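Written below as structure tokens is the structure these notes are about.
The values are calculated or read from the model by the stated rules, or taken from the named source; none is laboratory data. Predicted model only: the values in this text are computed from it and were never measured. With ideal geometry, Cβ positions are generated from the backbone for all residues, glycine too; neighbour counts draw on all protein chains shown.
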Amino acid sequence: MEEPALIAKSEKFLESIKIRKINPDDLIDPKGFIETYTYLRSNLRKLQKIKKRMELKGFKTPYRSMAIYGPPLKGELKAEDLHDIRRQTQYFRMKASLKKNILDRVNSAIASHRIALGHLEEHGALTCEMCRRTFRLGELSENELRECECGSTLQVKFEDGNIKRLEIIPYLPLSGDYMVKISQLTPWARESFKEIIRLLKNEKSGTITSATMIIKVQESGRWVRKRMTIEDIDHIDYEKKLKQQYGPHARIEFIQFHRRKSTIINDRHVRTALALGYSGFIQDFLAKIEDEILKKRLKKPHIVKRYDEIREEAEEYSPTFVREGKELEEIRKRRLEDLLIQEGLADENGNLKPDLKSDLELREKIMNIFSRTPITLILWDIACYYLTTSYDRRSKYAGPFPGLGPVLDRKQVKTFDKMDKEAVKLLKEYGEKIFYIKNLQKLLLKKFEIEEKIKGLHMKINPRAFGAALINLESGIDEKTCANIFSVTLEELKRERENIKALRKPTDKARLFMEMIK
């Protein structure tokens, strides 16, 4: 397929995705759920084929072909020839830009579809009543989603306790139109979007994994330079190791540390899509309840509403005579003061009344809580995903957060300190299953430590109950709350709590017993 035809076909397909909206209500019904899942999976397959064709045709590096031969020497060409070359170069640059943009849009659409499918796969599984078998949606091909090998129809079984957020799917840039969706965010939601991107990227310096050194050692009475690499340098005294290997006179002349990237999600398109999904969802969610929240918390919400109307009127005021920008701004400012004085909302000097001023300050604080709510929600979901899934599952399946590593290091878990207590209260007040965990950073590290211990022990655990039990033990949150949040029974929680206690440091008696059997 020629490049213009490929671009046109891709744009047409992406626009068809944009037209068809995903309704979260359809995902509650088994039939609608399977139809939506099949549709998204089919889209992903087609998008991946389009991406492969584009990369084969050089869409990934479209500007490289323009720089191969370099510009001609000016002395060899006439002025009109140079003009033609510049015009043609501009044309090819526009074509290259078009290739880059359409591939970028396809990559964004692929990332969004992977996220949506991950959430749907966490939401439901397929069961066969005849075989008594349960299948994960991702394990079956598109043709096997409706009928089992035995010939019976597969039934959808929804999972209540798994970590998923179906509400964000309509806000994902499924057609790759992430720039359009960013422009639709309110100022506070845009700030949330930027902060989520920053947190998931985690631009702080990564963990040191190894080091390369140039050393000077004495051999046969001569000083010789050597290069050596030391792995796992965090747990090794490299100076001591050097002197043991090459003698007490060995010296380090140069050392270069190699760091592992501390990025939490290592895909910019996935980060952008997730940030848009959570910011867009919370923006619309809070827009529905904003008036209710302000009426509850402000002393005189009707006066604040009137102040907003007056301010809007003043900002739209334009005198008939033409003025410069600064002058017009000053006129509008005076107009606002006059209108506020007329309404009795300000004194003769233009100072706002104390009640109005305190309410405006309180509203500003509420808006700040709004901006921290999407950040808090996504960090809560990621933390719960780590707490309620096993290491093997996170390693093998992409899940609702594609590109998320199976474990986090000490620097990465510091990101979870950004969860806001007031935002948690707000979400909890309006029906979200969430609570504030003060020591979440420590809790996650504890989970990873336990997972390391149980490798090779063949322990059969219930991952959701295990996470709930760990929160109960380490954070002091009561059993019923933990069991309710993760949809497990108290018996399951207690069983896993005993497993956790058994994996802790051995008692003196246990240590003595181990020494005896050695």
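Taken over the stretch 28-42, the criterion of being over 22 Å from the mean Cα position of the chain (by Cα) and in a helix (DSSP H, G or I) is satisfied by P30, K31, G32, F33, I34, E35, T36, T38, Y39, S42. Entry remark, the stretch 43-73: residues being assigned to a loop (DSSP other than H, G, I, E, B), on the phi < 0 side of the Ramachandran plot and modelled with pLDDT under 65 number 5 in total. Exactly one residue out of A398, A423 is crowded, with 20+ Cβ neighbours inside 10 Å and either of a type in the set (D, E) or in contact (Cβ under 8 Å) with a residue 24 or more places away in the chain (or both): that is A423. Screening E144 on (1) acidic (D, E); (2) under 23 Å from I28 (Cβ atoms); (3) in contact with a Phe, Trp or Tyr (Cβ under 9 Å, 6 or more places away or on another chain) shows it passes everything except condition (2).
Here is a check on your reading of the model: is K428 surrounded by fewer than 16 Cβ atoms within 10 Å (Cβ to Cβ), at pLDDT 90 or above and either under 20 Å from the mean Cα position of the chain (by Cα) or within 30 Å of S371 (Cβ to Cβ) (or both)? Criteria met by K428. For the stretch 247-260, the count of residues that are within 30 Å of T376 (Cα to Cα), aromatic (F, W, Y) and in contact (Cβ under 8 Å) with a residue 12 or more places away in the chain is zero. Within the stretch 319-373, the residues that satisfy the criterion of being within 30 Å of L185 (Cβ to Cβ) and polar (S, T, N, Q) are S358, N368, S371, T373.
Does the stretch 296-330 hold any residues that are of a type in the set (D, E, K, R), more than 21 Å from Q342 (Cβ to Cβ) and at pLDDT 75 or above, and which are they? Once the filter is applied, which keeps residues that are of a type in the set (D, E, K, R), more than 21 Å from Q342 (Cβ to Cβ) and at pLDDT 75 or above, the stretch 296-330 yields K296, R297, K299, K326, E327.
Among the residues of the stretch 220-235, are any in contact (Cβ under 8 Å) with a residue 12 or more places away in the chain, of a type outside the set (A, V, I, L, M, F, W, C) and within 30 Å of L117 (Cα to Cα)? No, there is no match, as no residue in the stretch 220-235 is in contact (Cβ under 8 Å) with a residue 12 or more places away in the chain, of a type outside the set (A, V, I, L, M, F, W, C) and within 30 Å of L117 (Cα to Cα). Selection of helices (runs of 4 or more DSSP H) fully inside the stretch 246-352 by the criterion of at least 3 residues being touching a Pro at 6+ places or on another chain (Cβ under 8 Å) returns 268-297. L360: in a helix (DSSP H, G or I), more than 26 Å from I168 (Cα to Cα) and at pLDDT 90 or above, yes or no? So L360 passes the test. Do we have I378 as in contact (Cβ under 8 Å) with a residue 12 or more places away in the chain and either surrounded by fewer than 20 Cβ atoms within 10 Å (Cβ to Cβ) or assigned by TED's automatic domain parsing to the domain that holds E122 (or both) here? Taking the combined requirement at face value, the residue does not satisfy it.
The numbered conditions (1) surrounded by fewer than 20 Cβ atoms within 10 Å (Cβ to Cβ); (2) over 18 Å from the mean Cα position of the chain (by Cα) are all true for G405 except (2).
Would a scan of the stretch 300-316 turn up a residue that is more than 30 Å from K181 (Cα to Cα), touching a Ser or Thr at 6+ places or on another chain (Cβ under 9 Å) and of a type outside the set (G, A, S)? Among the residues of the stretch 300-316, not one is more than 30 Å from K181 (Cα to Cα), touching a Ser or Thr at 6+ places or on another chain (Cβ under 9 Å) and of a type outside the set (G, A, S), which makes the answer no. Restricting the first member to the stretch 51-62 and to residues that are over 14 Å from S97 (Cβ atoms), and the second to residues that are of a type in the set (D, E), the beta-carbon pairs closer than 8 Å and six or more apart or on different chains are K57/E3.
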